[in-house]
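Here is the structure we will look at.
The values are calculated or read from the model by the stated rules, or taken from the named source; none is laboratory data. Not measured: the values here are computed from a predicted model. Here the Cβ positions follow ideal geometry from the backbone for every residue, glycine too, while neighbour counts run over all protein chains shown. Each accessible area value is taken on the protein alone, full model and side chains, heavy atoms only, with ligands, DNA and RNA left out. Shrake-Rupley method; radii C 1.70, N 1.55, O 1.52, S 1.80 Å.
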Amino acid sequence: MHKPLEGQTALVTGASSGIGFGVAEALAKAGAAVAINYHSHGEPAEKLAAEIEKAGGTAFAVGADVSDEAQLDAMFDAVRERFGTVDIVVANSGLQKDARFVDMTLDDWNTVMSVNLAGQFLTAQRAVREFVRRGPRPVSKALGKIICMSSVHEIIPWAGHVNYSASKGGIQMMMKSLAQEVAPQRIRVNAIAPGAIRTPINRDAWDSKEALDKLLTLVPYGRIGEVDDIGRAVVWLASDESDYVVGATLYVDGGMTLYPGFADNG
Ligand code: NAD
């Protein structure tokens with residue numbers, strides 16, 4: 001089996017569930033050694049690391065709150081200690097705290113901003129510092145690769161989720177500005193904007209037939225996304241196959257951003 005990431009090391013934040021879990025699995029299958037970050041529940045991350053190792057790969061689980069600088073520094077230290085360095089960083093951690101705008105508390109706002117936006121800023125900052133510290137490696141044409149997990153809600157407004165959509169809109173410009181700043185150092189920064197992917201974050205949207213049917217009216221391709229769909233996209237963005245892709249957002253959404261309401265003449 002072709003392993004495009006053989007010899008490379010990766011860190012995935014928020015990888016004890018959902019998309020991050022699937023991404024960590026996909027990176028390991030592609031040959032990367034993977035650090036699997038978890039926030040509060042270590043067990044699924046430990047279990048995934050054990051499964052990857054059993055299958056002949058290399059992985060370990062590492063706890064950290066991505067909104068806490070000291071914990072992030074400790075996590076990057078742990079990755080350096082285990083793997084020597086990191087080549088691929090997937091800033092994936094995210095959460096929702098939904099409320100009608102008039103009822104949204106400052107705490108709802110700040111929690112989402114500090115994990116979704118500041119968390120990705122701090123993670124990407126540590127990644128850039130590490131890529132520059134250790135210099136080029138023969139494993140990849142780029143000095144390092146950062147992939148930010150955005151959302152279709154970086155461009156689709158979302159009533160009742162003003163904090164979440166603002167955080168993802170912020171990720172879009174943070175990613176592009178950072179990509180522009182570090183491209184001369186041959187660091188590639190890109191984002192993936194998932195549509196509706198079957199994970200715990202949006203269980204209400206798919207765990208009954210009625211909810212799923214309603215959701216699918218928003219998806220021209222006619223199916224919900226699976227974490228594998230995102231895992232394959234991350235592997236491509238992390239590999240030299242996408243070496244000329246810099247500062248791009250890849251929408252992996254079954255066409256959700258194609259204004260499906262206009263398919264029938266609007
Ligand atoms: P999820 O709830 O399964 O995963 C989110 C992960 O983030 C969890 O593992 C959680 O532990 C982690 N996390 C939360 N707070 C953290 C913190 N302070 N520090 C470290 N980790 C923390 O949901 P998911 O769908 O897998 O979401 C992953 C990413 O994908 C998020 O950024 C989300 O916004 C984005 N996304 C998901 C969808 C979807 O349809 N599922 C769509 C668009 C974007």
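Where does each of 218, 117, 143 land when they are ordered by accessible area, with a 1.4 Å probe and the largest first?
Descending accessible area places them as 218, 117, 143.
May I ask for the net charge around residue 255, where only other residues with Cβ less than 13 Å from the Cβ of residue 255 are counted and Lys, Arg are +1 while Asp, Glu are -1?
After counting each charged neighbour, the total is -1.
So what is the 222 nm mean residue ellipticity for the chain from helices alone, if each DSSP H run of at least 4 adds -39500 (n - 2.57) and you divide by all residues, rounding to the nearest 500 deg cm²/dmol?
Per the formula, -12000 deg cm²/dmol.
Could you order 68, 228 by accessible surface area, starting with the largest, using a probe radius of 1.4 Å?
The ranking, largest first, comes out as 228, 68.
Given 20 °C and 1.002 mPa s, how large is the Stokes-Einstein diffusion coefficient of the chain in µm²/s, with Rh as the Kirkwood radius over Cα pairs?
Estimated via Stokes-Einstein, D reaches 115 µm²/s.
For a quick check of your reading of the filter: which GluC sites (Glu not before Pro) in segment 1-80 sit in a DSSP loop and have no more than 12 other Cβ atoms within 10 Å?
6
Got a number for carbon plus sulfur as a percent of the chain's accessible area, 1.4 Å probe?
55 percent
List the equivalent ellipsoid semi-axes of segment 1-71 in whole Å, largest first, each obtained as the square root of 5λ for an eigenvalue λ of the Cα gyration tensor.
Equivalent ellipsoid semi-axes, largest first: 21, 12, 10 Å.
Once the Cα atoms of segment 103-241 are picked out, what are the Rg and Dmax in Å?
17.1, 53
Any chance you could look up the accessible area of residue 102 with a 1.4 Å probe, heavy atoms only, rounded to 10 Å²?
Estimated to the nearest 10 Å², residue 102 gives 110 Å².
Nearest 10 degrees is fine. How inclined is helix 43-54 to the longest principal axis of the chain, computing both from alpha carbons?
That works out to roughly 50 degrees.
Over segment 1-85, what is the relative contact order in whole percent, taking alpha-carbon pairs under 8 Å and six or more residues apart?
25 percent
Find the percent of Cα-Cα distances in segment 81-172 that exceed 19 Å, and round it to a whole number.
That fraction is 47 percent.
Could you work out the relative contact order of segment 9-254? I mean the mean sequence separation of Cα pairs under 8 Å and 6+ apart, divided by the number of residues, in percent.
Here the relative contact order equals 20 percent.
Just reorder 65, 264 by solvent-accessible area, largest first, 1.4 Å probe, all chains present.
Result of the area sort, largest leading: 264, 65.
Tell me the angle of helix 119-134 to the major Cα principal axis of the chain, expressed in degrees between 0 and 90 and rounded to the nearest ten.
It is inclined by approximately 20 degrees.
Could you state the angle between the C-alpha long axis of helix 162-182 and the longest principal axis of the C-alpha atoms of the chain, as a value from 0 to 90 degrees rounded to the nearest 10?
40 degrees
Holding the Cα-Cα limit at 29 Å, pick out from 29/97; 29/214; 54/145; 54/214; 141/176; 3/168 the pairs that are longer than that.
Among 29/97; 29/214; 54/145; 54/214; 141/176; 3/168, the Cα-Cα distance tops 29 Å for 29/97; 29/214; 54/214; 3/168.
Looking at the chain as a GNM with Cα springs under 10 Å, which of 169, 56, 231 has the largest mean-square fluctuation?
56
If I ignore ligands, DNA and RNA and count only protein heavy atoms, how much of residue 155 is accessible to a 1.4 Å probe, in Å² to the nearest 10?
Residue 155 has an accessible surface of roughly 90 Å² with all protein chains in place.
Quick one: net charge of residue 162's neighbours, Cβ under 10 Å, K/R +1, D/E -1?
Combined, the nearby Lys, Arg, Asp and Glu give -1.
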